[in-house]
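The structure appears below as structure tokens.
The values are calculated or read from the model by the stated rules, or taken from the named source; none is laboratory data. Fair warning: this is a prediction, and the values are worked out from it, not measured in the lab. A quick note on method: Cβ atoms are made from the backbone with ideal geometry, for glycine too, and the neighbour counts reach across all protein chains shown. Remember, those area values only see protein heavy atoms, side chains included, never the ligands or the DNA or RNA. Shrake-Rupley method; radii C 1.70, N 1.55, O 1.52, S 1.80 Å.
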Amino acid sequence: MAGSPAAVVSAGALAGVLAFLKDDPETGFAFLMDLAAADYLKFPSPRPGRFAVSYQLYSPKLGARLCVKAYLPAENPSLPTASGLWAGADWFEREAWDMYGIRFEGHPNLKRILMYEEFEGHALRKDYPLGRMQPLVPMRDAIDYEKVRQQSRRASNPS
Amino acid sequence: MTEDTLQDAVLTTRLDKVLGWARKYSLFNYPFVTACCGMEYMATSSSHYDTDRFGAVFPRFSPRQADLLMVVGTVNHKQAPVLKRIYDQMCEPKWVVAFGVCATSGGFYQNYATVPGVDCVIPVDMYIPGCPPRPETVIDALMKLQERIQGQKQALV
């Protein structure tokens, strides 16, 4: 969020930082507004890790917002779950798992939320091929393109 | 001699023609509405544009009571088996209309999620362009579909 402070913390320290921000009476970040993941695979400037997870927090007590961000490595990216602190983290974390393959350790039900179980890979990773589809129903060969081409050729040069 | 007796009291026709006439004016549609095109579908089927005045397109909300499947909106790969099953549940004779560009070709979506046209899953009789199509376009397509039903070989099922 523009103008609001942000903090980058290490993945190991994240659970403690989040618990402090929520439970300390002076901070009181009781509301997790959003949890987002990002893949920096082809990002122009170097980053501390391939993936990042950011938590957008709001403190009704202070009227303040805070972004907490952690970078994760390309291999087996994982973080401790925040669903014990904010129940709303449950579905956000499932989405981040579904789209980016980031594991949240201790999550009560970490399965895909948008895609189907048969889907292979994680669709929003930058190395997922843009046109790769994984249909559940065998695709029909809908249009006979050669026939269409012949028809349009016949229509444009009537003999 | 029969013609002299009956004069104008009877009309002669072919079975195909009379079945086509009956079928084109009693289309019961099942709307498979998934996206924003649904608003335009509602506009077209309710009183202002009123597709029912063409003797056609009275919405039924069970595929088993319908003979026209209208696929209105984007269909993704997760939904495709559902669409296929609905199509299979409909009795013959049946027709399918792809309503809007998403149902026709996937529209501007070209990605992991979207079916690039419902004809990848089920056969389609009429494609309606537009994002979303105007009611006039929909009515035009319905009239063309009726023409097509009238002209086709009628299976006795």
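Among the residues of this structure, B:Asn111 counts as one that is without any contact (Cβ under 8 Å) to a residue 40 or more places away in the chain, within 8 Å of chain A (Cβ to nearest Cβ) and of a type outside the set (Gly, Ala, Ser). Of the residues B:Thr104, B:Thr137, the single one that is outside any loop (DSSP other than H, G, I, E, B) and either within 9 Å of another protein chain (Cβ to nearest Cβ) or surrounded by 21 or more Cβ atoms within 10 Å (Cβ to Cβ) (or both) is B:Thr104. Hey, any hits in the range A:60-79 for a residue that's more than 14 Å from every other protein chain (Cβ to nearest Cβ), surrounded by 17 or more Cβ atoms within 10 Å (Cβ to Cβ) and of a type in the set (Val, Ile, Thr)? Looking through the range A:60-79, at least one residue is more than 14 Å from every other protein chain (Cβ to nearest Cβ), surrounded by 17 or more Cβ atoms within 10 Å (Cβ to Cβ) and of a type in the set (Val, Ile, Thr).
Per-residue answers, yes or no, for (1) part of a loop (DSSP other than H, G, I, E, B); (2) within 18 Å of the chain's Cα centre (by Cα); (3) loosely packed, with under 12 Cβ neighbours inside 10 Å:
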position	(1), (2), (3)
B:Asp4	no, no, yes
B:Gln7	no, no, yes
B:Leu11	yes, no, yes
B:Lys17	no, no, no
B:Trp21	no, yes, no
B:Pro31	no, yes, no
B:Gly38	no, yes, no
B:Met42	no, yes, no
B:Arg53	no, yes, yes
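It is to be established whether one or more residues within the range A:107-123 are more than 14 Å from chain B (Cβ to nearest Cβ), touching a residue at least 12 places away in the same chain (Cβ under 8 Å) and either assigned to a strand (DSSP E or B) or crowded, with 16+ Cβ neighbours inside 10 Å (or both). Yes, some residue in the range A:107-123 is more than 14 Å from chain B (Cβ to nearest Cβ), touching a residue at least 12 places away in the same chain (Cβ under 8 Å) and either assigned to a strand (DSSP E or B) or crowded, with 16+ Cβ neighbours inside 10 Å (or both).
Filtered by the rule that a residue be open to solvent by less than 50 Å² (accessible area, probe 1.4 Å) and out of contact with any Ser or Thr (no Cβ under 7 Å at 6 or more places or on another chain), the range A:81-96 gives A:Thr81, A:Ala82, A:Ser83, A:Leu85, A:Trp86, A:Gly88, A:Arg94, A:Ala96.
Contact annotation: residue pairs with Cβ atoms under 6 Å, 6 or more positions apart or on different chains, pairing a residue in the range A:12-23 that is closer than 14 Å to A:Lys61 by Cβ with a partner that is open to solvent by less than 60 Å² (accessible area, probe 1.4 Å), are A:Leu21/A:Thr27; A:Leu21/A:Phe29; A:Lys22/A:Phe29; A:Lys22/A:Leu85.
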